[in-house]
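Have a look at the structure below before the remarks.
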Amino acid sequence: MQEKSVQAENKLWNAVREMLDTKMSTVKDVLESLARTQKGNVKSSIENCMIVL
C-alpha cells in the first residue's frame, strides 16, 4: 500500500516538473503580462500574484 502511495507521489512530482519545464517564462515575459494601473504601475492583484508564482 505504501509503495503505491510513493509511486503516486512520484508521478505527481514528475508532472509538476514537466509543467515547470514547459511553462518557464522570462522576467520580461512576466513583467509584460502583469496587469497595470492607469498610470502604468504594476497593479496589486490576485491575478498578478498568480502570474508571478
Residue-wise HN-Hα coupling along the range 28-39, computed from phi with Karplus coefficients 6.51, -1.76, 1.60 (Hz; x: Gly, Pro): 4, 4, 5, 4, 5, 8, 6, 5, 10, 7, 5, 7
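Accessible area of the chain with a 1.4 Å probe: how many percent of it is carbon plus sulfur? Walk me through the numbers before you get to the answer.
Values: 3110 of 5300 Å².
Roughly 59 percent of what the probe reaches on the chain is carbon or sulfur.
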Accessible-area ranking of Asp29, Asp21, largest first, probe 1.4 Å: Asp21, Asp29
Derived scalar couplings ³J(HN,Hα) [the range 42-48; Karplus, 6.51 cos²θ - 1.76 cosθ + 1.60; whole Hz; x for Gly, Pro]: 5, 7, 7, 8, 4, 4, 5
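Calculate the dipole size of the range 13-53 relative to its Cα centre from +1 charges on Lys and Arg beta carbons and -1 charges on Asp and Glu beta carbons; express the result in debye to the nearest 20. Walk me through the intermediate numbers first.
Numbers: 6 positive and 5 negative charges, 46 e Å.
That gives the range 13-53 a dipole magnitude of about 220 debye.
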Probe 1.4 Å - accessible area at Val42, Å² to nearest ten: 70
Those residues of the range 37-53 whose amide nitrogen sits under 16 Å from the label point placed on Val30, 7 Å along Cα→Cβ: 42-53
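Over the chain, with the other protein chains present, what is the accessible area per residue in square angstrom, probe 1.4 angstrom?
Values: 5300 Å² over 53 residues.
It amounts to 100 Å² per residue over the chain.
The values are calculated or read from the model by the stated rules, or taken from the named source; none is laboratory data. What you see is a predicted model, and the numbers here were worked out from it, not measured in a lab. With ideal geometry, Cβ positions are generated from the backbone for all residues, glycine too; neighbour counts draw on all protein chains shown. Surface accessibility is based on the protein's heavy atoms, side chains included, excluding ligands, DNA and RNA. Shrake-Rupley method; radii C 1.70, N 1.55, O 1.52, S 1.80 Å.
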